[in-house]
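Only one structure is covered here, and it is reproduced in the block below.
Any read-out appearing in this document is the output of simple, stated calculations on the displayed coordinates, not a laboratory observation. A quick note: this is a predicted structure, and the numbers were derived from the prediction, not measured. Every residue, glycine as well, gets a Cβ built from its backbone with ideal geometry; the counts of neighbours run over all protein chains shown.
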Amino acid sequence: MDIKTAYRRFRQWQLDPFDNEFDSHDTQHCVNCNHDFVGNFCPYCSQKSGLGPITWHSVWNSVAEVWGMHSRSLPFTLLQLFLRPGYFISDYINGKRQVSFPPVKMLAVIAVLGVMVDLLTGAIHGMFQTSTGEKMAYITTVFAWLNVHLNGAFPPPSDYLSKILDWLNRHPDVLSLIMLSFLIIPNYFIFRFAPRNPHHTIPQGFFMQVFSTVVFLILNMIYDITGLGWLVFLLGAVLVFMTYKQLFGYRVWGTLWRVVMAFVCAITLWSVLLNTNYGVHLLRANQVDAARGYFLNIPIALMIIVVFLLICYFISKPKRPKP
């Protein structure tokens, strides 16, 4: 088989990897209700065909079901998230649910595995550990930079922010879901008129980000095991681009600039949350002047987001044909 043929088959698998046809017309006998039928499931009691006395295979299936290794296999779902992420998510949000492991349950299972990997590798600080071991130092640096340029002074010493960041860093599933959830609103407007999956809804956007969070957690585990930050970053960037291109159907450039704008808006929304949280803390600590600087950042950031979203919305909106 040459490379071109192999790639063609791979592309065909990406577009439609599922073969749901039941080719056999043999009569099945249901041991549960004693009816004869043709198909995968008994139409009278819904029991799956082919079930009989308990065997070692039955024991394996029972154990495997706990970790999603049986029906709607977790490994096969993860394989699709890495090889055909956008097509797979599109299938799920459009009704093909039986081919996917339940996404929220999958997020919980992968989060547990992520904690185990963190413990086994000693990387308890995950992807946000710096070379000096300081937790999420880049966010503290951002706060300091903003305060110096906007207020003329470094933020007052406080353990409040470090405690929040430490908790989030030890709960990467929560952190990932929070950060990626800020993409739901930008995606809703920026990809509103996409060639594929136009007019997607906010609930659909939620499941899009749940799947993305699962991928992020697996990348975090790869980083914990290998320590190759550049490889994880490159793989993550490729997966993000593939996901959006396959999910919404724009060409390369159209996908690229929309993804960049979506992430800019999401990061800005995340900064609004951090500024609000830290500003409230400073007010409670009677540091009114310092808090005022953080609160002033909020309306500016929101105005920037609105402007960006409106620009993307009207650029993407189809032009009405002239009469």
- Describe numerically, in nm with one decimal, the distance between label points set 7 Å from Cα along Cα→Cβ at residue 285 and at residue 56. 6.2
- Query: What order, most packed first, do the peptides 214-226, 293-305, 261-273 have when packing is the mean number of other Cβ atoms within 10 Å of each residue?
  - Reply: 214-226, 261-273, 293-305
- Please give the peptides 178-186, 247-255 ranked by average Cβ packing (other Cβ atoms within 10 Å per residue), highest first, as a rough proxy for protection. 178-186, 247-255
- Pairs over 27 Å Cα to Cα, from 245/319; 4/245; 48/96; 245/317; 96/245; 4/319, come to 4/319
- Query: Using a Förster distance of 25 Å, how high is the FRET efficiency between residue 314 and residue 241, based on the Cβ-Cβ distance and rounded to 0.05?
  - Reply: 0.55
- Ranked on Cβ counts within 10 Å of their own Cβ, fewest leading, 35, 200, 281 go 35, 281, 200
